[in-house]
1. Checking the condition modelled with pLDDT of 75 or more and not in a helix (DSSP H, G or I), which residue from Pro89, Pro41 passes?
2. For the stretch 348-366, which positions are in a helix (DSSP H, G or I), hydrophobic (A, V, I, L, M, F, W, C) and surrounded by 15 or more Cβ atoms within 10 Å (Cβ to Cβ)?
3. May I ask you to say which residue of Arg314, Arg252 is surrounded by fewer than 17 Cβ atoms within 10 Å (Cβ to Cβ) and within 19 Å of the chain's Cα centre (by Cα)?
4. Look at the stretch 74-104 and say how many of its residues are hydrophobic (A, V, I, L, M, F, W, C) and touching a Gly at 6+ places or on another chain (Cβ under 9 Å).
5. Just to be sure, is Tyr298 crowded, with 23+ Cβ neighbours inside 10 Å, assigned to a helix (DSSP H, G or I) and within 22 Å of the chain's Cα centre (by Cα)?
6. Can you tell me which residue in the stretch 169-201 is farthest from the chain's Cα centre (by Cα), limited to those that are within 19 Å of Asn369 (Cα to Cα) and of a type in the set (Lys, Arg)?
7. Testing Val34 on (1) β-branched (Val, Ile, Thr); (2) modelled with pLDDT of 95 or more; (3) assigned to a helix (DSSP H, G or I), one condition comes back false. Which one is that?
8. Of all the residues that make up the stretch 190-232, how many are in contact with a His (Cβ under 9 Å, 6 or more places away or on another chain) and assigned to a loop (DSSP other than H, G, I, E, B)?
Amino acid sequence: MKILYHHRTSSKDGQYVHIEELIGALEAAGHEVVMAGPSEPEGTDFGGGGGFVEALRRRLPGALVELMELGYAILDYTRLARRIRAERPDWIYERYNLYLPSGIWAKRRFGLPLLLEVNAPLFAERSAYGGLALKGLARWTERYAWRGADRVLAVTRVLADLVAAEGVPEDRIRVVPNGVNPERFPAAADSEALRARLGLKERTVLGFTGFLRAWHGVENTVRLLAEDGAADWHLLVVGDGPARADIERTARESGVANRVTVTGVVPRTQVAAHVALFDVALQPAVVVYASPLKLFEYLAMGRAIVAPATPNIREILVDGDNALLFPPGDDAAFRAAVRRLCGDPDLRARLGARARETIDARGLTWAHNAGTVTALASELLAGAADA
């Protein structure tokens with residue numbers, strides 16, 4: 001099949017990973033994918049770039065930026081229409097964004113099935129964190145896109161319930177969690193040279209990957225290093241972000257700066273080698289509707305995971321089976337779980353083995369996701385042909 005992948009993502013971050021990996025899996029399965037969206041920023045390293053809209057958002061009044069976002073949809077539709085006429089795709093796959101109704105316009109104009117991937121309830125998210133000036137208009141565009149899609153692919157059941165609450169029928173919603181490319185994250189990745197370079201020999205490594213924000217609670221792990229019995233533990237943070245300064249300051253104030261390493265952004269090709277160093281892989285906190293990419297990478301590499309027992313996490317992890325879970329927001333329980341794993345190598349090995357098995361047992365790969373979305377599209381195309 002020929003698939004038109006429509007998006008409005010210009011940053012090279014977790015969104016970029018999702019786009020690239022799913023497209024790669026679709027193409028590996030023999031499908032042709034044509035793109036309709038912003039060009040990848042030239043010379044931008046992984047973890048960089050925020051796009052034209054992000055730059056404007058920092059400089060202009062919110063209402064004006066949001067009107068420009070909606071105005072972009074008109075330009076986007078004209079490009080999308082030209083792409084459809086030139087390529088004649090069988091169906092459209094879209095990564096949802098706020099103020100982006102152009103995919104629905106194209107679906108209706110050209111009679112193409114549209115599968116809409118939803119990773120977050122962006123109206124609620126931007127209202128809470130980024131601020132929205134035109135809330136009525138923003139919410140209308142979200143409902144318009146969700147209700148207009150033939151299938152809405154939510155990354156968690158929690159998010160699927162939020163989509164359903166906005167009037168999307170259950171039979172048009174599917175839960176398709178994020179995944180991993182096992183070839184990029186092999187369980188037996190060789191990291192000995194990296195271990196030596198980072199000075200981690202004979203250390204129990206607590207690890208975290210991703211963009212650093214205050215709500216992740218990584219500082220709590222830093223304080224844990226200063227407690228009795230933790231002298232041979234080392235925190236390895238693979239990533240960068242606004243919370244980095246707080247993490248490093250907490251490490252200095254706690255007297256453990258020599259046992260905390262923050263790498264900054266590393267190339268994607270090197271992430272697996274860093275994760276392979278983790279004895280305990282950390283997910284200290286999580287957005288309640290999210291499907292964290294790091295979680296699947298930890299699983300694929302057979303790491304012993306500590307994570308909060310939120311409903312979205314419990315869709316993937318089972319306490320005592322493939323991870324240790326703790327009550328969300330309970331710092332003492334989090335520390336107790338980390339201490340338990342650090343002191344029990346056999347438990348780490350057992351949880352790690354079950355973590356690896358989870359990927360295959362649950363089909364938590366991009367290849368499996370590609371099969372899921374193409375099967376859904378085939379059903380829609382067959383239904384249209386019968387009609």
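The values are calculated or read from the model by the stated rules, or taken from the named source; none is laboratory data. For clarity, every value in this text was computed on a predicted model and none was experimentally measured. Cβ coordinates were reconstructed from backbone atoms using ideal geometry, including for glycine residues, and neighbour counts include every protein chain displayed.
1. Pro89
2. Keep residues of the stretch 348-366 that are in a helix (DSSP H, G or I), which gives 348-362, 366.
Next, only the ones that are hydrophobic (A, V, I, L, M, F, W, C) stay: 349, 351, 353, 355, 359, 361, 366.
Passing the criteria: Leu351, Ala355, Ile359, Trp366.
3. Testing whether each residue is surrounded by fewer than 17 Cβ atoms within 10 Å (Cβ to Cβ) and within 19 Å of the chain's Cα centre (by Cα) leaves just Arg314.
4. Going through the stretch 74-104 one residue at a time, the tally reaches 3.
5. yes
6. That would be Arg172.
7. Every condition holds for Val34 apart from (3).
8. Matching residues across the stretch 190-232 total 6.
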